[in-house]
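**Student:** Take this structure, written in structure tokens, and hold onto it; I'll ask about it next.
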Amino acid sequence: PGVPRHTNRLINEKSPYLLQHAHNPVDWYPWGQEAFDKAKTENKLIFLSVGYSTCHWCHVMEEESFKSKEIGEIMNEHFVCIKVDREERPDVDKVYMTFVQATSGGGGWPMSVWLTPDLKPFAGGTYFPPEDGVHRVGFRTVLLRIAEQWNENKDALLESSQRILEALRHTSEICVQGQESPPPAKEVMDTCFQQLSRSYDEDYGGFSKSPKFPTPVNLNFLFTYWALHRTAPEGARALQMALHTLKMMAHGGIHDHIGQGFHRYSTDQHWHVPHFEKMLYDQGQLAAMYSRAFQISGDEFFADVVRDILLYVSRDLSDQAGGFYSAEDADSYPTTTSREKQEGAFCVWTAEELRALLPDPVKEATEGTTLGDVFMHHYGVEEAGNVDPMKDPHQELKGKNVLISRSSPELTAARFGLEPVRLGALLQECRQRLSSARAQRPRPHLDTKMLAAWNGLMISGFAQAGAALSDQGYVSRAAQAAAFLRTHLFDPDSGRLLRSCYRGKDNSVEQSTVPIQGFLEDYVFVIQALFDLYEASLEQGWLEWALHLQHMQDKLFWDPKGFAYFSTEAGDPSLLLRLKDDQDGAEPTPNSVSVTNLLRAACYSGHMDWVEKAGKILAAFSERLQKIPITLPEMVRATAVFHHTLKQVVVCGDPQGEDTKEMLRCVRSVFSPNKVLMVADGDSAGFLYRQLPFLASLERKDGKATAYVCSNFTCSLPVTSVQELREMLSP
């Protein structure tokens, strides 16, 4: 604390990640023309460093190298140094990550790339230690060697960078290969199921040994596979794989049992010791997955996890204006007097701490039992700590415990002679007490950047939870966030989305001097959110906005030659490649979600050219879908929806009438991956009636709320019984 010794240009930025580096001795520039011009004028190489504000290894590299005066001097003398927040600029990140993965076989953050003055990459990696070690070359050595190469072999470096770029352009191209039809759904679905089934962990759920990621895209695929194979043994296995994975995650340490929500991933096979950062995109997708698990199983356990996630987001990741923040960091100060941050410090406990906080005797239990005894047994707490030293390379968690449900409520209750209901109340009291104690600790850094795409995923989470759990409060929260997007991340003059905005001083919402335009993922996840919000709220304004954004997405990103959407707009000279993502990862790839969005858009508008576009995306990815569908489970799911044709479920009735509400509850309680819901309320001047003239021919039967299940605008006989409707909705 005190006056910082150094301040660079990043002090004028809004991104929390860039601001973290504003007082480094490195003369950082943000990505932009000023830096590019300096590199060209001075004929200097560019050092590009890409990361994000809650990235543990980004913090480590900053502490070791970017805060070093000596290393800073080397960087400033030989390079123009540029910092990029990958969450703000996924376009820049993707171009150079494609290079790093192609040349090193791996990738990750921080990403370190060296570019020629015309932005072509020729060397790169991820984290570098500051000094040479036994197995790794140090950052200082790499900087000096590259500077020397530039001085002595400039022409060879330029030639090499041009060759690399041409190779990347060739290998990253995704376009339709001759045959212009989507791949067959059954084969692609079955292959994807078999590939997932082979990688499934029978004991602990999930799809690898370690590290273990939540991968909502896999779970979403499995739910759809089950829905289309309900009576087959494969369908039963798909459902078991998804539900078991969700249960094991909720019991594990990846789930924050005290502060709610989910951490990024587990470092071990058992979902026990997490990497402690919490990301908005995980909360949004997992809220949707647990809502689906509840819809399918009726098990209140899953509904409780949904409420847990949404409580965390409402309390800790919500801006007062209605938007959602991006993330919470893994690292924090263990105490108010600590000088160094540690990973997980905010979340872990010693056995001694827990005993001191939970000393009360439990009267109904076997003699001498305290609250601490019950809690520590249930959550696997050990005197010496319960973290495997192999999963704690920096010894930050030595002697500490990461809470994990080691025992079922029934077994814990039996062990201490308690009724299960009483045990539930005792554990709840313990968790509240620990929550109060944890509130006294220094909090991890909060990234208060608000991104359109991730807000879209979270709106979907709230809207789907509101529909599945019949909770109007969640639907209202989703609507509040959508209104926030329309106010702060949408330009009504151009009709375009913006990428990001920021919490400013006095909790105002601020925009950067030159706002970043929305990318494909922003459009795709916001459109999906607006469709989900319409189905949960029946407010037609959201539908109208979604269709407007779909037209805009087509205009900005569609590839008319090779089909499918580019991730970025044309026309930015600083982007060397226009790419199409080809892998569903922590978030689904935008083209995967676009297929379903286009099919939904066609159902709500009658524009059948959108169905054709959906087919063209599948045709462009056909080879990948047939060979390695496990890399695109969300697009495989969309292939099935494309071939099965969406059912338009139309409920005719007064939206406020009890009979209409009962029908809507029925539709929302059934998991059907290939349905869209709409209400025909008789308002012939309304948006839906103008889009879909066939609605005018549908009537209520005997004055009651009546449902029709339509396919390609051809409708079934009218149904007034909820039971009959439920049967019609099953695939």
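**Student:** With a 1.4 Å probe and all protein chains left in place, how much of the accessible area of the chain comes from carbon and sulfur atoms, in whole percent?
**Tutor:** Roughly 50 percent of what the probe reaches on the chain is carbon or sulfur.
**Student:** Hey, another quick one. Please list, short to long, the whole-number percent of alpha-carbon pairs of the stretch 10-172 in consecutive 5 angstrom bins beginning at zero.
**Tutor:** For the stretch 10-172, the binned pair fractions read 2, 9, 18, 23, 23, 16, 7, 2, 0 percent.
**Student:** Treating only the Cβ atoms of Lys and Arg (+1) and Asp and Glu (-1) as charged, compute the dipole magnitude of the stretch 648-729 about its Cα centre; round to the nearest 20 debye.
**Tutor:** The dipole of the stretch 648-729 has a size of about 240 debye.
**Student:** Rank Pro4, Val313, Gly703 by how far each Cα sits towards the positive end of the charge dipole of the chain (+1 on Lys, Arg Cβ; -1 on Asp, Glu Cβ) and give me just the farthest.
**Tutor:** It is Gly703, whose Cα lies furthest towards the positive end.
**Student:** For a protection proxy built on the mean count of beta-carbon atoms within 10 angstrom, sort 256-265, 40-49 highest first, please.
**Tutor:** Averaged packing, sorted descending, gives the order 256-265, 40-49.
**Student:** Taking +1 at the Cβ of each Lys and Arg and -1 at the Cβ of each Asp and Glu, which of Ser684, Gly657, Thr714 sits farthest along the dipole of the stretch 612-720 towards its positive end, judged by Cα position relative to the Cα centre?
**Tutor:** Result: Thr714, furthest along the dipole toward the positive end.
**Student:** Once you have the Kirkwood Rh of the stretch 347-440 from its Cα pairs, apply Stokes-Einstein at 4 °C and 1.567 mPa s and quote D in µm²/s.
**Tutor:** 94
**Student:** Do any of Lys83/Lys391; Lys561/Lys613; Lys555/Lys616 go past 22 Å between their Cα atoms, and which?
**Tutor:** Lys83/Lys391
**Student:** Counting only helical runs of four or more DSSP H residues, what would the 222 nm mean residue ellipticity of the chain come to if each run contributes -39,500 (n - 2.57) and the total is spread over all its residues?
**Tutor:** -15000 deg cm²/dmol
**Student:** Further question: If you put +1 on each Lys and Arg Cβ and -1 on each Asp and Glu Cβ, how big is the dipole of the stretch 347-440 around its Cα centre, in Debye rounded to 20?
**Tutor:** So the dipole magnitude of the stretch 347-440 works out to roughly 220 debye.
**Student:** Return, for the Cα atoms of the stretch 80-119, the radius of gyration and Dmax in Å, separated by a comma.
**Tutor:** Just the Cα atoms of the stretch 80-119 yield Rg and Dmax of 10.1, 26 Å.
**Student:** Another question, then. How many nm is it between the label spots at His551 and Ser197, if each spot is 7 Å from the Cα in line with the beta carbon?
**Tutor:** 4.6
**Student:** For a quick check of understanding: with a 1.4 angstrom probe and all protein chains in place, what accessible area in square angstrom does Met635 have, to the nearest ten?
**Tutor:** Surface open to solvent at Met635 totals about 0 Å².
**Student:** In whole Å, what are the extents of the chain along the principal axes defined by its C-alpha atoms, from largest to smallest?
**Tutor:** Dimensions of the chain along the principal axes of its Cα atoms: 86, 76, 51 Å.
**Student:** Which whole-number percent is the relative contact order of the stretch 508-606 (Cα, under 8 Å, 6+ apart)?
**Tutor:** Reported relative contact order: 28 percent.
**Student:** Next up: Hey, what do the phi angles of the stretch 591-600 turn into as Karplus ³J(HN,Hα) couplings, whole Hz, using 6.51/-1.76/1.60 and θ = phi - 60°, x for Gly and Pro?
**Tutor:** 5, 4, 6, 4, 4, 5, 4, 5, 5, 5
**Student:** Additional query: Put +1 on the Cβ of each Lys and Arg and -1 on the Cβ of each Asp and Glu in the chain; which of Gln464, Leu426, Tyr474 then has its Cα farthest toward the positive end of the dipole?
**Tutor:** Working it through, the farthest residue towards the positive pole turns out to be Gln464.
**Student:** Near the amide H of Gln517, under 5 Å away, which other amide H atoms are found, from residues 5 or more places off or on another chain, if H is placed in the peptide plane?
**Tutor:** Result for Gln517 returns Arg499.
**Student:** While we're looking at this one, here's another question. Where the only charges are on Cβ atoms (+1 Lys, Arg; -1 Asp, Glu), what is the dipole of the chain about its Cα centre, to the nearest 20 debye?
**Tutor:** Approximately 400 debye in magnitude.
**Student:** Now for a separate question. Per residue, what accessible area does the chain have, given a 1.4 Å probe and all protein chains present, in Å²?
**Tutor:** With all protein chains present, the chain gives 40 Å² per residue.
**Student:** A follow-up question, please. When the Cα centres of the stretch 528-546 and the stretch 51-122 are compared, how far apart do they sit, in Å?
**Tutor:** The stretch 528-546 and the stretch 51-122 have Cα centres separated by 39 Å.
**Student:** Still on this structure, please answer the following. Take the alpha carbon gyration tensor of the stretch 545-653, find the square roots of its eigenvalues, order them as a ≥ b ≥ c, and report rounded if a/c is under 1.5; if not, report prolate when a/b exceeds b/c, else oblate.
**Tutor:** The shape class here is oblate.
The values are calculated or read from the model by the stated rules, or taken from the named source; none is laboratory data. Here the structure is a predicted model, which is why all the values come from computation and not from measurement. When we count neighbours, we look across all protein chains shown, and the Cβ atoms used for this are built from the backbone with ideal geometry, even at glycine. When the accessible area is computed, the model is the full protein with side chains, heavy atoms only, and any ligands, DNA or RNA have been set aside. Shrake-Rupley method; radii C 1.70, N 1.55, O 1.52, S 1.80 Å.
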